[in-house]
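Q: This is the structure I want to talk about, given as structure tokens.
The values are calculated or read from the model by the stated rules, or taken from the named source; none is laboratory data. Owing to the predicted nature of the structure, the values given are computational and were not obtained by experimental measurement. Cβ: placed from backbone, ideal geometry, glycine included. Neighbour counts: every protein chain shown. Note: accessible area is taken over every heavy atom of the protein model, side chains too, but ligands, DNA and RNA are not part of it. Shrake-Rupley method; radii C 1.70, N 1.55, O 1.52, S 1.80 Å.
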Amino acid sequence: CLQTEKILHLKSHRGRKVRVVREHYLRERVPCYSSLCQADCENDGKVLPGDLTHYVVPDVGVVVDFLEILEFRELQGVVFTQTACQAVQHCKGRRQYNRLRNLIKDPRHDCVLFANEFQEYSYCPREKGESQEKWQTRCVYSAAVWYHNHLAGMKDVVMITEDQDAVAEYSSLNAGVYVISDFLQNFWPELQPAHELYSSISQALQEKESESSQKEYTEHLPAEILEAGIKSGRYIKGTLNINKHHDEASIMTEGLSNKNNDPSWAVLVCGNKNRNRAVHGDTVVVELLPKSEWRGKVTALSEGEEKSGEDNESKPMPTGRVVGILQRNWRDYVVTFPPRDGTQSQSRNSQRILAVPWDRRIPKIRISTQQADALQDHRVVVRIDSWESTSLYPNGHSVRVLGRAGEMETEVQTILIENCIHVPPFSDAQLREMPVNSPEKPWRMDPVQVAERRDLRETHLVFSIDPRGCEDVDDTLSVRSIAGGKLLELGVHIADVTHFVAEGSLTDLEARIRSTTYYLADRRYDMLPAVLSADLCSLLGGVDRYAMSVMWELDAQTLAVNKVWYGRTVIRSSYQLHYELAQALLNGEPAEVPELARLEPEEKDAKLAELNQALETLTHVARHLRAQRDRGGALELEGVEVRAQLDEQRNITALVPRQPLEVHETVAECMIYANHWVARKIQETFPHQALLRRHPPPRQEFFNQLVESAKAMGFTIDTRTNKALADSLDRAVDPQDPLVNKMLRMMATTAMSQALYFSTGLESQDQFYHYGLALDRYTHFTSPIRRYADIVVHRLLTAAIAVERGADSGRAIASNKELEELAQHINSKNRAAQRAQKLSTVLFQCLYFKERDPQTDPQCVADAIVYSIRNNGLLVYIPEYGVKGPVYLKNREGQVVAAGEDGSCEWQSGSLRHYSDRISTTSSCGTSTFRLCDHITVRISVRSTSSHADSLNLEIISNKPHRSAEPQQPHSQGRSQLVQEVVRQAEEAQQQAQEKAARRPKLSREEREFSQSKTPNLYSLLEEVRELALMDLDTAARVCVTSASY
Amino acid sequence: MGNVVQRRTRGALRRCPFEVCGNMAGLELLSDQGYRLDGRKATELRKVQARMGVFAQADGSAYLEQGNTKALAVVYGPHEMRGSRSRTRHDQAVINCQYSMATFSTAERKRRPHGDRKSTEMSLHLKQTFEAAVMTQLYPRSQIDIYVKILQSDGGNYSVCVNAATLAVIDAGIPMRDYVCACTVGFVDETPLADLCYAEESGGVSSLALALLPRGGQIALLQMDARLHQDHLEALIEAAMTACKGVSKVLDEVVRQHLQEVSVLTGE
């Protein structure tokens, strides 16, 4: 079955030239992946359709340089050759190669890979003296000819190349095989974005050739030397991490290469020269500098131009310089084109602009463009192409224009892109997968499904408790007493999302890429289409819904677990309560339950009593569970982000702190319990491939600040275990000032490490512990509508139930490796979602204060509490707006803040002294001291920059607490008002702008709302390709089959 | 009856540099389309070619090529004990194996002294393999010498040596329980790869060498010095056995062909 042929390959190896002989096996049958195939090739997976006018075979040079254009979904029938793929791997590195691989796997793209070098008749051995480029071109051409012949001449094949010699040499050799160079102009004259991208890339390529030869940086060392250096311990490998505030970078070393076991061991890299073209996030190799050149970290609050004198540096730490880069971590960057002035070097024929990235950690990027005038002050998405040692800045090309800097929509889009969040509207193909539920065609349950599931509609009183106005109800509860009151049956019923979202479907892929619903300050981007998230999956009151249930049989007295049942059910939620209503019912206050409004009084009372009974039992059980966890050392922490992560409450409320009601805790406790038991179940059934969530214990040194601050206030904090920490935090209450405890809890929160999803095959069992909740195993199960991890856990649970029944689960569950990859992806998306949420909050704060004059508007003066002391200032927290920020006590002229008799502060020349728990300024009018947890009054103004995000500037105006004239409003109102206010202003501004610019072409609704055009534009196309990295071959193949069968 | 050689220490450590090398060079050992570096599919063996009876002087000899790995095996004996008499066994023959590599066998010419650690170990493995296969109890107080030389090395040296030596033993007319066939398998992307070549062996694959008596399915030797998850071992051994059975078919063919030629020559 195998034909062998030995071919010599010359290779240089480890620096020395060595002749290596490698075998090369050729075969007659290599699948062509075309539906026109006459020879019965084994074309499993993606197949090129037969109804195209031609197939395209891109040349090696085209694939290497213009891959981004080939990613256009409009280009159909693309045949990538193995020769080209290997060339990409060699010239462009792993990242670009993976991108190509994902493109080939992506079922939405009409392209295949042909293994031409393993095909007997399309392979051509390299001839003596033939240059590599020539040989590659010949290989690709012979592959194109083979394709034409293989399909019996039924399809014309077009080979595209940028090499004019190749056109001259090959164009007339074979009929039906065309070799051309201006493919886009000939075949796609109307595909405007592709043309723009093409000119953008080719301009960048030309620029690269005309670079001056003056060296700005030292060359990177070759990979073998780096490898040997790392092994011998001469060099250190790590990830470059650039500080947001100072111009310094550090390398976080990875465990193995580091002899020193202290995990906080890092290498400092100072200055651009030493950083040697590495960009934030790159995996780099550093060489340590001699000890005499070691420096310390800058600890002072810097305002950008501050000189880093000796006095505000910490003790010297290892310092090094980058000698090589192992893996680039370039992503899409948002940059701002500077306003045009004479200083830019635009004198030469082309227009090269130095654009300033939004992220301060990224160096300026040089972009060649002809639209420099039009793009002034616009935010643009760019990609970095290269960074030669001869160039001070990296070269890039622009991809997409977001809009004018400073506008709300532009800024929101900027935040999304900077966090690699890509949320295009759901595609038609995806929406076609969805079940229909319209008044004409209402959705009904499938009798087969109903028969398979346990029916709880008649037997159980099921109800949900959610925030007011909640649309996506994914959890419901039930409780009843059975066996004559001896046992309690507690049930948690979760929306059965996996029933609607089949694994590997387009909806599933999209949800997996998004991983979570993104909540920004003023909007949200759903993970699942609305028909699922707000309707069919949502466990609304009074309608039949599928659910995934966990039911416990508890002893009525001791509440010990007797039996647990997991399974799919059918439920009908009787009451859709909200928290306030449920609490009112519990408290025995008169409350109107909307579901009972129409009933007769007697019936109503009976039903109400039944509901009340259930709520009371539930509260009783939850109190018991909570007490159980508290004994184990569960933490109650303050802080928006962590709260959303640690408990089961909804993220939406993150901006609006909840009124703490007991019923919140009751619901949360039930959800935690369900998550815990599901985690136990899947971990026991699949010990090596269950998706759990762990919360590693924090490192003790992170608590230093907390312990010191608490000491300054007269409290002791014991951080040895989570239990000790919880207890000591409970004790640290200042009766005068409730904010003190809140502050301490907030500081404890910042010391915490992040909770993470992981695959159980990767950690030992003692690492599964969830520190915050004090549970040995935990996972996320209860919110499948808005978290992808829950969907995975649902699938695992379904498989576990099938295993228990002895039935084959049908599909193999994901292996440990796949699951770990998925867990990493979800973790990174969750972090991105959090960052985006935080940034959008800051954005709205800035937009809010931008409209106000800080000198006159009373809204701009607020009370602040000091939570940390730095060398030249304070870090304060403003509870009213939830803002944290620095307050400087010393300005650039060397003046310090001096407090007068009435507390008002002004700048005077003087000196500053810094202690661990206080900072004092001395000037002609005496000494004023600021301590931790002091309340001060600050004025809030906005510091605008054109190219970065705006930030809030806090200025101290009094060292006394701020007392506003009117009584303080509840915080929540203040903050939600803030968002509404800003949105309203933005809308008004937009309307005005539109009226003004009535002559301009009208924008579609989509464009106005999201700066996104209706048609899938270039950026979204490319982005999808990139994100398909997640998709494995298996699923890709399956999607192919399904899409082919339509 | 089988010997299982287990060396748990150092295996993973020693492989580390290769692994990193492989990753850095970005060698893709198994492409998405299921091709290996040299164009084979995961279960396909390299081309095996062999000849028996290449030398007249020795009692048995064979030359075997498996892809680019080429080995020469020579068998002397059974004859009376030479050297120290103390090793004499009264109930069975002693098997003496010697493995060596030609200086020109790799890409860089390198002097390879006898008795270095690697070749001693290999000799020992060969000895254990053949002790399990040759019916030594038929020749008490005697000795069988097996010499194997690698002429060209391109991965899977052990298995090529075993296969060549089997043919040589058969050529010498020494009774064996069955052919001993050996094959290396590696584990990449959850897929077992049969018969690794050098590029694959050095590309950071956890590999396993297995010598099998194919008819009974008994394992004569199993050697593995890389880290591998226990769950995958079963699949890997299964793949190795299939590969060994493939080799045995080829060897059987070679023996039959050789017998035919010889019988024609002797005029029977």
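Q: Consider B:A226 carefully, then state whether it is within 14 Å of chain A (Cβ to nearest Cβ) and closer than 30 Å to A:K817 by Cα.
A: Working: within 14 Å of chain A (Cβ to nearest Cβ): no; closer than 30 Å to A:K817 by Cα: yes.
No, not satisfied.
Q: What about A:E580, is it outside any strand (DSSP E or B) and free of Cβ contacts under 8 Å to residues at least 40 places away in the same chain? Before you say what the answer is, go through the steps one by one.
A: Values: outside any strand (DSSP E or B): yes; free of Cβ contacts under 8 Å to residues at least 40 places away in the same chain: no.
Answer is no for this residue.
Q: Condition first: touching a Leu at 6+ places or on another chain (Cβ under 6 Å) and among the aromatic types (F, W, Y). Now tell me which residues in the range A:660-714 satisfy that.
A: Scanning the range A:660-714 gives a single hit, A:Y673.
Q: Restricting the first residue to the range B:181-208 and requiring it to be within 12 Å of another protein chain (Cβ to nearest Cβ) and over 15 Å from B:T43 (Cβ atoms), which pairs with a second residue that is assigned to a strand (DSSP E or B) and open to solvent by 10 Å² or more (accessible area, probe 1.4 Å) meet a Cβ separation below 8 Å and a spacing of at least six or different chains?
A: As it stands, the answer is B:A199/A:R22, since those pairs meet every condition given.
Q: Return the pairs, sorted by first residue and then second, in which the second residue is open to solvent by 30 Å² or more (accessible area, probe 1.4 Å) and assigned to a loop (DSSP other than H, G, I, E, B), the first residue lies in the range A:452-468 and is in the same structural domain as A:L540 (by the TED database), the beta carbons are less than 7 Å apart, and the residues are 6+ apart or on different chains.
A: What qualifies is A:L461/A:S574; A:V462/A:S574; A:F463/A:S574.
Q: With the condition kept exactly as written, say whether any residue in the range A:139-150 is in contact with an Asp or Glu (Cβ under 6 Å, 6 or more places away or on another chain), more than 13 Å from chain B (Cβ to nearest Cβ) and assigned to a helix (DSSP H, G or I). Spell out the reasoning first.
A: First, the residues of the range A:139-150 that are in contact with an Asp or Glu (Cβ under 6 Å, 6 or more places away or on another chain): A:140.
Filter once more, so that each one left must be more than 13 Å from chain B (Cβ to nearest Cβ): A:140.
Subset that is assigned to a helix (DSSP H, G or I): A:140.
Yes: the range A:139-150 contains one or more residues that are in contact with an Asp or Glu (Cβ under 6 Å, 6 or more places away or on another chain), more than 13 Å from chain B (Cβ to nearest Cβ) and assigned to a helix (DSSP H, G or I).
Q: Condition (residue is under 23 Å from the mean Cα position of the chain (by Cα), of a type in the set (A, V, I, L, M) and assigned to a loop (DSSP other than H, G, I, E, B)) applied to the range A:375-384: is it met by at least one residue?
A: The initial filter retains those residues of the range A:375-384 that are under 23 Å from the mean Cα position of the chain (by Cα), namely A:379-384.
Pick out the ones that are also of a type in the set (A, V, I, L, M) and you get A:380-382, A:384.
When the remaining residues are screened for being assigned to a loop (DSSP other than H, G, I, E, B), the result is none.
No; the residues of the range A:375-384 include none that is under 23 Å from the mean Cα position of the chain (by Cα), of a type in the set (A, V, I, L, M) and assigned to a loop (DSSP other than H, G, I, E, B).
Q: Let me ask something else. Within the range B:223-268, can you find the residues that are of a type in the set (D, E) and touching a residue at least 60 places away in the same chain (Cβ under 8 Å)?
A: Let us first name the residues in the range B:223-268 that are of a type in the set (D, E), namely B:225, B:231, B:234, B:238, B:252-253, B:261, B:268.
If the condition is that a residue be of a type in the set (D, E) and touching a residue at least 60 places away in the same chain (Cβ under 8 Å), then B:D225, B:D252 are the ones that fit.
Q: Hey, could you check the range A:88-133 for residues that are open to solvent by less than 50 Å² (accessible area, probe 1.4 Å), under 22 Å from B:L27 (Cα atoms) and of a type in the set (S, T, N, Q) and say which is nearest to the other protein chains (Cβ to nearest Cβ)?
A: A:Q89
Q: Among the listed residues A:C37, A:C85, A:C41, which satisfies the condition of being closer than 22 Å to B:G39 by Cβ, away from chain B (no Cβ under 14 Å) and surrounded by 15 or more Cβ atoms within 10 Å (Cβ to Cβ)? Steps first, answer last, please.
A: On the way: A:C85 fails: away from chain B (no Cβ under 14 Å); A:C41 fails: away from chain B (no Cβ under 14 Å).
Within the list A:C37, A:C85, A:C41, the selection yields A:C37.
Q: Please go through the range B:189-221 and give me each residue that is surrounded by 20 or more Cβ atoms within 10 Å (Cβ to Cβ), in a strand (DSSP E or B) and either of a type in the set (S, T, Y) or more than 14 Å from the chain's Cα centre (by Cα) (or both), ordered by number.
A: B:P192, B:L193, B:S206, B:S207
Q: Which one is nearest to the other protein chains (Cβ to nearest Cβ) among residues in the range B:27-64 that are closer than 21 Å to B:K127 by Cα, part of a strand (DSSP E or B) and open to solvent by less than 30 Å² (accessible area, probe 1.4 Å)?
A: Looking at the filtered set, the residue picked out is B:L64.
Q: Right, something else. If you scan the range A:764-798, which residues turn out to be polar (S, T, N, Q) and within 18 Å of A:D474 (Cβ to Cβ)?
A: Going through the range A:764-798, the residues polar (S, T, N, Q) turn out to be A:764-765, A:767, A:779, A:782-783, A:798.
Across the range A:764-798, the qualifying residues are A:T779, A:T782, A:S783, A:T798.
Q: Then there is this: On the basis of being of a type in the set (D, E), open to solvent by 10 Å² or more (accessible area, probe 1.4 Å) and in contact with a His (Cβ under 9 Å, 6 or more places away or on another chain), does A:D863 make the cut? Please lay out each step first, then the result.
A: Numbers: of a type in the set (D, E): yes; open to solvent by 10 Å² or more (accessible area, probe 1.4 Å): yes; in contact with a His (Cβ under 9 Å, 6 or more places away or on another chain): yes.
Spelling it out, A:D863 is indeed of a type in the set (D, E), open to solvent by 10 Å² or more (accessible area, probe 1.4 Å) and in contact with a His (Cβ under 9 Å, 6 or more places away or on another chain).
Q: Taking the residues in the range A:315-330 that are in a strand (DSSP E or B) and open to solvent by 40 Å² or more (accessible area, probe 1.4 Å) as candidates, determine which candidate is farthest from the other protein chains (Cβ to nearest Cβ). Lay out the reasoning, then the answer.
A: So the first thing to find is which residues in the range A:315-330 are in a strand (DSSP E or B), and the list is A:317, A:319-327.
Still in the running and open to solvent by 40 Å² or more (accessible area, probe 1.4 Å): A:321, A:326-327.
Details: A:R321: 21, A:L326: 7, A:Q327: 10 Å.
If we take residues in the range A:315-330 being in a strand (DSSP E or B) and open to solvent by 40 Å² or more (accessible area, probe 1.4 Å), then A:R321 is farthest from the other protein chains (Cβ to nearest Cβ).
Q: For the range B:230-247, what are the residues that are more than 14 Å from chain A (Cβ to nearest Cβ), open to solvent by less than 30 Å² (accessible area, probe 1.4 Å) and over 13 Å from the mean Cα position of the chain (by Cα)?
A: Within the range B:230-247, B:L236, B:A239 qualify.
Q: Against the definition (of a type in the set (S, T, Y) and either over 29 Å from A:H664 (Cα atoms) or not in a strand (DSSP E or B) (or both)), how does A:S438 come out, yes or no? Don't jump to the end; show me each part of the working.
A: Numbers: of a type in the set (S, T, Y): yes; either over 29 Å from A:H664 (Cα atoms) or not in a strand (DSSP E or B) (or both): yes.
Yes, satisfied.
Q: Now for a different question. As an exercise: evaluate B:M224 against (1) more than 14 Å from the chain's Cα centre (by Cα); (2) open to solvent by 20 Å² or more (accessible area, probe 1.4 Å); (3) within 30 Å of A:P687 (Cβ to Cβ) and give the number of the one condition it does not meet.
A: Evaluating B:M224 over (1) more than 14 Å from the chain's Cα centre (by Cα); (2) open to solvent by 20 Å² or more (accessible area, probe 1.4 Å); (3) within 30 Å of A:P687 (Cβ to Cβ) leaves (1) as the failure.
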